[in-house]
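These notes are about the structure you will find just below.
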Amino acid sequence: MNEPVRAVLRGAKPYATADVGAAVDLSDNTSLWGPPPAAVDALRALDASAFARYPAIPPAELYRALADYAGVSTDMIVAGCGSDDLIDGAMRTFAEPGSTIAFSTPTFSMVPAFAAINGLRAHAVPFRTDLDLDIDRLLEPRPSIVYLCSPNNPTASAAPLATIERVLDETPGVVILDEAYGEFTAAPGFGLLARHPRLVVLRTLSKAFGLAGLRIGYAVLDAALVPALETVRGPYKVNAAAVAAATAALTAGRDWVQARAAEAAGIRVRLAERLAAVGFSPLPSAANFLCVPCANAAAVAARVRDRGFALRVLRDLPPITPALAASRGAALRIAVGPWPVMARLLDELEPEAAACA
Ligand code: PMP
């Protein structure tokens, strides 16, 4: 049955999400504050009869709003169906099949998956014990692409600016800097573009902007590279409703989004302190989630799930910190939401500290 399927896809398991049911979903790092009210208003104001037509290509109003947000010109923007779409597209744009993509591990799970599908050789190098990148090992095979995720999913750690700059200076090929969680820290990507023509900054409206369900991500890169990435991504990947909501979120909704992101950044510190006080060892976070090493992560998550909170269970992480070594690579990834939600979560999680040790 599998015979007509490409070898790399035989026995493939499509990405599927667990049914989180009635639980508060802290498993995907999406926004617990919901979509920006300005985006909801824009969706309500849409004339649905216009959906009989294809959306405009390029979506000029969205590209203007994204360019203004990123502080670049509109010819440096490519939007797609989530930043997933652009990770995949960038691999096919910038690396010949059989060439190498380098990344630190653990990182966003779709990166090795897309690398395999696109016929790339994955050069996965564990983070150093201080959660910085091992640049020498990363660049050793002279990769066509370096994928650098900062803040990184799932560790939540941010790469120091000096590290990012060294990677940019020393990489022979393209650097994809995935800043999906960039709104929760002082992410440097946009500011580096002027000096680095082989840098592709990826952002998404799925996290701080609260629009994961509408599937909008975007790349910001040298205008000379845009036509190739636009071609690879293909037409009509960004739908008309998403364009309207995203444009409103980036303009009228921007202050609201930034205030919520700042709030999340404060709450992550408070949550980490409370967890540390009862014996957990969360990794330092620059994102809207915490990575909490936990030897019995699956059992703890199942119990907490029964009490209404869906957390992400991580397995087989490399033992890059003492806490991850002690948990034998198991951890919980917990999205940060409004404090009343976190306070209820703590009531359920604090008694589990011993089970995590
Ligand atoms: N990059 C990172 C680091 C992520 O964590 C995610 C989502 N979990 C994505 C990209 C993809 O997000 P989206 O496709 O929703 O834009």
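The values are calculated or read from the model by the stated rules, or taken from the named source; none is laboratory data. Keep in mind that this is a model prediction, so the values were computed, not measured. Please note: Cβ atoms are built from the backbone with ideal geometry, for glycine as well, and neighbour counts cover all protein chains shown. In case anyone asks, the SASA skips ligands and DNA or RNA and just uses the protein heavy atoms, side chains included. Shrake-Rupley method; radii C 1.70, N 1.55, O 1.52, S 1.80 Å.
Which of the cysteines in the chain are isolated, no other cysteine C-beta under 4.7 Å?
Flagged as lacking a Cys partner: CYS81, CYS149, CYS291.
For region 247-357, what is the Kirkwood estimate of the hydrodynamic radius, computed as the reciprocal of the mean inverse distance between distinct Cα atoms, to one decimal in Å?
14.6 Å
Against the globular-protein guess of 2.2 N^0.38 Å, express the Cα radius of gyration of region 37-252 as a ratio, rounded to two decimals.
Normalised Rg, Cα atoms only: 1.01.
May I have the convex hull volume per residue, in Å³, for the Cα set of region 12-76?
On the way: hull volume 14.5 nm³, N = 65.
Per-residue hull volume (Cα only) is 223 Å³.
Could you check the spin-label model distance between TRP339 and ASP255? Points 7 Å from the Cα along Cα→Cβ, value in nm.
2.3 nm
Only Cα pairs within less than 10 Å get springs; with that Gaussian network setup on the chain, which residue of PHE209, PHE289, PHE190 has the largest fluctuation?
Residue with maximal mean-square fluctuation among PHE209, PHE289, PHE190: PHE190.
Beta carbons within 10 angstrom, averaged per residue: use that to sort the peptides 294-302, 55-63, highest first.
Ranked from most to least packed, the peptides come out as 294-302, 55-63.
Fully extended, how many nm does the chain gain between ASN2 and ARG307 (0.36 nm per residue separation, minus their Cα-Cα distance)? Show your work: numbers first, answer last.
Details: separation 305, 0.36 × 305 = 109.80 nm, distance 4.15 nm.
Taking 0.36 nm per residue and subtracting the Cα distance, the gain is 105.6 nm.
Quote to one decimal, in nm, the extra length available between THR129 and VAL40 on full extension: 0.36 nm per residue of separation minus the C-alpha distance between them. Don't skip to the answer; put the middle values down first.
Values: separation 89, 0.36 × 89 = 32.04 nm, distance 4.32 nm.
Full extension from THR129 to VAL40 adds 27.7 nm.
Once R0 is set to 51 Å, what does the formula 1/(1 + (r/R0)^6) return for the Cβ-Cβ distance between ALA194 and ALA116, expressed as a FRET efficiency to the nearest 0.05?
0.90
Could you state how much accessible area CYS149 has, in square angstrom rounded to the nearest 10, with a 1.4 Å probe and all protein chains kept in place?
Roll a 1.4 Å probe over it and CYS149 shows about 10 Å².
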